[in-house]
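A quick write-up on the structure given underneath.
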């Protein structure tokens, strides 16, 4: 929690300064350590939580625009009411989904091919957000779990200030058809009733079932999440699957992004 709280405080401070500098419409959540919630311009030409060129690209793509509509789960309780719309999850300055879209919807992000190369993805692959993977369960059923992004044959889980990878009852995870084949389950972090890092386990199983690769995108300042990743990945039994899984930081990815996008990430997120 210390890593998550520290990064959240930094991002909120940066977002307040960013909003003041560019006179962006926004509000602050209730509480002692307020989160910045950006708002669209009245004509919907811009949105403070997105690089302007990226937001324009999102509006031109109906599938991407749909992703913006995710309702903020705590919006009614933690944020001032808004007249013309409900609060959206991707309005928040700490939204990992907003950061993901800022990077992969940027019009020039893929121009020189270095992003494709870094992610080991075939050129011309298009990002699909909120991808519904089919993870086989026992008795012929499937878990249509949501993956943050699919890019070609790569599944991506994006993290920023989330506290952890969640936990789930052992009975839930044992119900995945390939769980005991894929994982050395005795070595996974667990309690007598639950497994930790449920999202990682589920997404690795999704990659296995679809013959895809899997990448965790997280912040270099989240050492706790990176350590949790290695704790799980060492429990993956098939070597070929383990080699298809990797962790990448936003900071590493930023090195191959366009200059304007790099400047935006550095100023707003401290990603340099």
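Bear in mind that the values in this text are calculations on the coordinates, not laboratory data. It should be emphasised that the depicted structure is a prediction, and the values quoted were computed from it without experimental measurement. Positions of Cβ are backbone-derived with ideal geometry, glycine not excepted, and every protein chain shown enters the neighbour counts.
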Checklist line | Rounded, prolate or oblate (a/c below 1.5 giving rounded, otherwise prolate when a/b exceeds b/c) for region 173-272 by Cα gyration tensor | finding: prolate
Notebook entry, point to check: Can you tell which of 21, 35, 145 shows the greatest fluctuation in a Gaussian network model of the chain with Cα springs below 10 Å?
Noted result: 21
Notebook entry, point to check: Helix 198-210 versus the longest principal axis of the chain: what angle, 0 to 90°, nearest 10, using Cα atoms?
Noted result: 70 degrees
Note to self: Kirkwood hydrodynamic radius, computed over distinct alpha-carbon pairs, for region 111-256: how many Å, to one decimal?
What the structure shows: 15.7 Å
Notebook entry, point to check: Can you give the calculated 222 nm mean residue ellipticity of the chain, where each DSSP H run of n ≥ 4 adds -39,500 (n - 2.57) and the sum is split over every residue, rounded to the nearest 500 deg cm²/dmol?
Noted result: -10500 deg cm²/dmol
Next item on the list: Rank 98, 168, 206 by mean-square fluctuation in a GNM of the chain with C-alpha springs under 10 angstrom and give only the top-ranked residue.
Entry: 168
Checklist line | Where labels lie 7 Å past Cα in the beta-carbon direction, separation of residue 42 and residue 190 in nm | finding: 5.8 nm
Note to self: So if each residue of separation counts as 0.36 nm, and I subtract the Cα-Cα distance between residue 170 and residue 112, what length gain in nm does that give?
What the structure shows: 16.4 nm
Check: What is region 81-133 by shape, rounded, prolate or oblate, if you read a ≥ b ≥ c off the alpha carbon gyration tensor as root eigenvalues and call it rounded for a/c under 1.5, prolate for a/b larger than b/c, and oblate otherwise?
Finding: prolate
Item checked: DSSP beta bridges in region 169-272 [antiparallel fraction, %, rounded to 5] -> 40 percent
Item checked: Among beta bridges that DSSP assigns inside the chain, antiparallel share in %, nearest 5 -> 70 percent
Next item on the list: Answer rounded, prolate or oblate for the chain, using the Cα gyration tensor with square roots of eigenvalues a ≥ b ≥ c: rounded when a/c is under 1.5, else prolate when a/b is larger than b/c, else oblate.
Entry: prolate
Check: Which residue, 60, 132, 202, tops the fluctuation ranking in a GNM of the chain built on C-alpha contacts under 10 Å?
Finding: 60
